[in-house]
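The structure appears below as structure tokens.
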Amino acid sequence: MKIGIDRLAFSSPAMYVDLTDLAHARDEDPNKYLIGIGQSQQAVVPITQDVVTMAAEAASQIIDDSNRDQIAMILFGTESGIDHSKSAAIYLKRLLGLPDQLRAIELKQACYGATAGLQMAKDYVTLHPEKQVLVIGADIARYGIKTPGEVTQGGGAVAMLVSAEPRLLALDDVTSFRSEDIMDFWRPLYRTEALVDGRYSENIYIDFFKAVFADYCQQSQRTIADFKALTFHLPFTKMGLKALRAVLPQADEAQQTELLTQFEASRVYNRKVGNLYTGSLYLSLRSLFDNSDLQAGDRIGLFSYGSGAEGEFFSGTLTQALPDVASKARIETALTQRQRLSVAEYEQIFAETLPAHDILLDTSRDTSRFVLTGIKHDQRQYVDRG
Ligand code: CAA
């Protein structure tokens with residue numbers, strides 16, 4: 001029996017800042033951002049959006065009457081939680097109108113959380129093949145105005161349904177993971193922006209990738225030649241390219257070209273959205289599904305990395321031929337219709353934070369279906385305008 005990703009949807013707020021505009025405002029050469037970092041646009045998350053609303057927007061695209069009652073669990077990966085105690089998954093369950101007979105929990109290990117959810121979901125569905133698990137990766141990547149990390153911000157959510165006999169990707173059993181206590185990136189409870197040792201974090205990312213990829217190959221007796229594409233956690237798309245280049249010499253010339261071509265297909269969306277932390281690897285996978293011409297049965301490798309640090313390399317085989325033209329049209333329309341903000345507007349939105357008292361927010365500029373309307377009695381108020 002095959003277990004894997006049956007459906008995969010993505011959502012991000014309907015506003016962005018153009019990185020050429022940002023480069024001019026920061027007195028940088030635009031090519032540093034466009035080529036050196038590999039990003040062209042960045043999603044901007046208004047105060048009326050959080051991980052719950054963005055996850056609801058993504059999950060509502062893949063949940064309908066045909067699967068609603070089969071969902072046994074929501075595993076919500078995030079490092080942008082909205083409460084120290086209550087999980088974002090419970091809010092999401094209510095907004096989606098899912099039945100009460102399910103487990104709803106939040107998972108945290110930096111950008112690795114959704115991968116933990118995916119692997120736990122796979123194990124659960126293996127034991128309960130008639131059930132499905134909703135896995136979320138939703139985050140808001142914040143480093144701060146005029147910091148080196150600013151160009152690697154972003155935000156959004158992915159939602160995946162994990163099932164038996166999946167229609168997108170059947171996961172292989174072999175997987176290699178590794179964790180180590182490392183201070184490359186973290187966010188203390190009192191901060192809304194991450195702290196990061198940028199270059200160090202890049203080096204650790206590459207070290208973890210090389211270690212888990214080598215271990216995976218040893219365990220599975222596979223080599224790089226067994227992969228039609230390698231996908232990566234993309235905090236910024238150049239990071240994935242650096243990781244790919246670290247193993248490319250293991251491939252022959254024709255395959256190097258093929259892997260580089262598929263890498264381009266896998267970073268189309270991430271270039272325009274920025275970092276989604278937990279969701280970034282899966283946005284990249286969605287980008288590959290929509291922009292590549294791979295065939296059913298082709299094997300894809302996935303590298304997940306969460307600072308602090310945890311990494312995992314795993315794989316799966318496509319269960320349908322690509323590209324998925326309907327998904328591509330939907331996502332490209334959504335990205336194209338976003339409002340382009342000036343740098344001043346982006347800075348103003350970035351500076352807005354929720355107060356620690358009751359507030360009614362102005363939602364008139366937010367075109368999303370699910371919005372945060374304010375805080376009442378210390379409780380977040382959500383509305384489904386669909
Ligand atoms: N044309 C083309 N390229 C140019 C250029 C130009 N005019 N000017 C500079 N560049 C290149 C540089 O050569 C450099 O390339 P390499 O990385 O290949 O050497 C690249 O642009 C970036 O330049 P800098 O190194 O000078 O950039 P920086 O010091 O301003 O910061 C950063 C870059 C460290 C990634 C910073 O943005 C940062 O700290 N980001 C957040 C941390 C992060 O994303 N780390 C990734 C690993 S951790 C992780 O993955 C978890 C997570 O999600 C956070």
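Observations on the structure shown:
- Antiparallel DSSP beta bridges within the stretch 1-152, as percent of all bridges there, nearest 5: 20 percent
- Mean Cβ count within 10 Å, highest first, over the residues of peptides 309-322, 86-99: 309-322, 86-99
- In order along the stretch 126-132, the phi-based Karplus estimate (6.51 cos²θ - 1.76 cosθ + 1.60, θ = phi - 60°) of 3J(HN,Hα) comes to 4, 7, 10, x, 7, 9, 10 Hz; Gly and Pro are listed as x.
- J(HN,Hα) series, the stretch 242-251, from Karplus relation 6.51 cos²θ - 1.76 cosθ + 1.60, nearest Hz, glycine and proline x: 4, 5, 4, 4, 5, 10, 3, x, 6, 9
- The HN-Hα couplings worked out from phi for the stretch 69-80 by the Karplus form 6.51 cos²θ - 1.76 cosθ + 1.60 (θ = phi - 60°) are 7, 8, 6, 9, 8, 10, 10, 9, x, 7, 10, 10 Hz, whole numbers, x standing for Gly and Pro.
- Counting every C-alpha pair in the stretch 154-269, the share spaced more than 16 angstrom apart comes to 70%.
- Packing rank of 333-343, 113-123, 366-376, where each peptide gets the mean count of other beta carbons within 10 Å, highest leading: 113-123, 366-376, 333-343
- Whole-number D in µm² s⁻¹ for the chain, Kirkwood Cα-pair radius fed into Stokes-Einstein, 4 °C, 1.567 mPa s: 62 µm²/s
- When the C-alpha to C-alpha distance is required to be over 26 Å, the pairs from LYS146/LYS242; LYS86/LYS210; LYS86/LYS328 that qualify are LYS86/LYS210; LYS86/LYS328.
- Amide proton proximity set for GLY316, modelled H, under 5 Å, gap of 5+: ASP172, ILE300
- Measuring spread by the Cα atoms of the stretch 245-304 yields a radius of gyration and Dmax of 12.1, 33 Å.
- The chymotrypsin sites (Phe, Trp or Tyr not before Pro) of the stretch 135-199 that meet both conditions, a loop assignment by DSSP and at most 13 other Cβ atoms within 10 Å of the site Cβ, are TYR190.
- The charge dipole of the chain, taken about the Cα centre with unit charges on the Cβ atoms of Lys, Arg (+1) and Asp, Glu (-1), comes to about 320 debye, rounded to the nearest 20.
- Of interest is the spacing of the C-alpha centroids, which for the stretch 295-314 and the stretch 55-125 amounts to 20 Å.
- As a proxy for reagent exposure, HIS357, HIS233 were ordered by neighbouring Cβ count within 10 angstrom, fewest first; the result is HIS357, HIS233.
- Close amide H contacts of TYR382 (hydrogens built in the peptide plane, cut-off under 5 Å, sequence separation of 5 or more or a different chain): THR373.
- Spacing of the two label points (7 Å from each Cα toward its C-beta) at ASP384 and ILE62, in nm: 1.8 nm
- Across the stretch 3-384, the relative contact order, built from alpha-carbon pairs under 8 Å that are at least six residues apart, equals 24 percent.
- Beta bridges per DSSP with both ends in the chain, % antiparallel, nearest 5: 70 percent
- Anchor LYS238: aspartates and glutamates whose Cα lies under 14 Å away (excluding residues fewer than 8 positions away in-chain): GLU202, GLU264
No value in this document is a laboratory result; all are computed from the given coordinates. Not measured: the values here are computed from a predicted model. Using ideal geometry, Cβ is built from the backbone for each residue, glycine included, and neighbour counts are taken over all protein chains shown.
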